[in-house]
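Colleague: Dropping the structure in here first, questions after.
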Amino acid sequence: MPLRPARCYRLVKGPAYTRKEYVHGVPPPKIAKFTMGNTKADFPLVVQLVAKEPAQIRHNALEAMRVACSKYLSSRLGENNYFLKIHPYPHHILRENKMMAFAGADRLQDGMRLAFGDPIGTAARVKAGDVVLTIKVPIDKEEVAKEAAKRASSKLPMPCEMVITKNITKT
């Protein structure tokens with residue numbers, strides 16, 4: 001059985017842990033922008049990535065998805081011929097109880113005593129059916145948008161489906 005990426009933090013377990021005012025040392029999300037491209041244009045073709053199952057998406061996976069998708073779109077279409085939006089925001093704080101892994105480490109640490117863990121990053125929790133990514137392009141660029149969405153979905157820890165909508169208005 002092949003291992004799925006991000007298997008440690010992919011599953012949604014327990015209540016959300018989002019109160020950053022009580023936790024010191026939470027690293028900021030790596031996501032540079034949530035919307036990219038031409039935000040003022042109204043493109044008729046909409047391609048969305050929709051989550052098929054509930055999962056947690058780490059902030060660095062969201063950034064990798066954004067970079068892969070935007071680079072492909074901007075190289076094929078140019079900077080002003082697409083619109084890209086990332087929907088989930090990584091609110092959930094991820095913690096890790098760091099353990100020492102060398103000879104004699106058992107004498108230096110306490111194991112599970114006070115094992116609350118230090119914050120190591122943030123994640124966005126998505127449910128099945130939530131929209132993760134939206135791409136808008138001109139009507140004749142459907143294949144480019146599909147390939148960009150496929151490349152973006154490969155960076156995510158859960159399976160996604162592509163939903164394509166064409167909004168053709170008569171003027």
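The values are calculated or read from the model by the stated rules, or taken from the named source; none is laboratory data. As the structure is a prediction and not an experimental result, all values here were calculated from the model. Here the Cβ positions follow ideal geometry from the backbone for every residue, glycine too, while neighbour counts run over all protein chains shown.
Colleague: I'm trying to understand the selection: among the residues of region 71-89, which are more than 22 Å from Ala128 (Cβ to Cβ) and not in a helix (DSSP H, G or I)?
Modeller: Answer for region 71-89, where residues must be more than 22 Å from Ala128 (Cβ to Cβ) and not in a helix (DSSP H, G or I): Gly78, Glu79, Asn80, Asn81, Tyr82, Phe83, Leu84.
Colleague: Name, by its number, the condition in (1) modelled with pLDDT of 95 or more; (2) touching a strand residue (DSSP E or B) at 6+ places or on another chain (Cβ under 8 Å); (3) within 19 Å of Leu156 (Cβ to Cβ) that does not hold for Lys71.
Modeller: (2)
Colleague: Got a sec? Which of Glu63, Glu21, Glu96 is free of Cβ contacts under 8 Å to residues at least 40 places away in the same chain and surrounded by 17 or more Cβ atoms within 10 Å (Cβ to Cβ)?
Modeller: Glu63
Colleague: Please go through (1) among the β-branched types (Val, Ile, Thr); (2) under 17 Å from Met158 (Cα atoms); (3) surrounded by fewer than 16 Cβ atoms within 10 Å (Cβ to Cβ) for Thr35 and return the number of the only condition it doesn't satisfy.
Modeller: (2)
Colleague: A further question on this structure: Just the residues that are surrounded by 13 or more Cβ atoms within 10 Å (Cβ to Cβ) and either without any contact (Cβ under 8 Å) to a residue 12 or more places away in the chain or closer than 23 Å to Tyr9 by Cβ (or both), please, taken from region 160-171.
Modeller: Cys160
Colleague: Being within 20 Å of Ile135 (Cβ to Cβ) and surrounded by 15 or more Cβ atoms within 10 Å (Cβ to Cβ) is the requirement here; does Ala41 meet it?
Modeller: Answer is no for this residue.
Colleague: Considering only region 1-70, give the strands (runs of 3 or more DSSP E) lying wholly within it that have at least 2 residues that are over 14 Å from the mean Cα position of the chain (by Cα) and not acidic (Asp, Glu).
Modeller: Numbers: elements: 35-37, 45-51, 55-58.
Hits in region 1-70: 35-37, 45-51.
Colleague: Which condition breaks for Ile86 when tested against (1) more than 13 Å from Leu156 (Cβ to Cβ); (2) out of contact with any Asp or Glu (no Cβ under 8 Å at 6 or more places or on another chain)?
Modeller: Among (1) more than 13 Å from Leu156 (Cβ to Cβ); (2) out of contact with any Asp or Glu (no Cβ under 8 Å at 6 or more places or on another chain), Ile86 violates only (1).
Colleague: Of all residues in region 71-98, which are over 19 Å from the mean Cα position of the chain (by Cα) and among the hydroxyl-bearing types (Ser, Thr, Tyr)?
Modeller: If we filter region 71-98 for residues that are over 19 Å from the mean Cα position of the chain (by Cα), which is where we start, we get 74-82, 96-98.
Result: Ser74, Ser75, Tyr82.
Colleague: Just give me the residues in region 114-149 being loosely packed, with under 15 Cβ neighbours inside 10 Å and either among the β-branched types (Val, Ile, Thr) or without any contact (Cβ under 8 Å) to a residue 60 or more places away in the chain (or both), in sequence order.
Modeller: Across region 114-149, the qualifying residues are Leu114, Ala115, Phe116, Gly117, Ile139, Asp140, Glu143.
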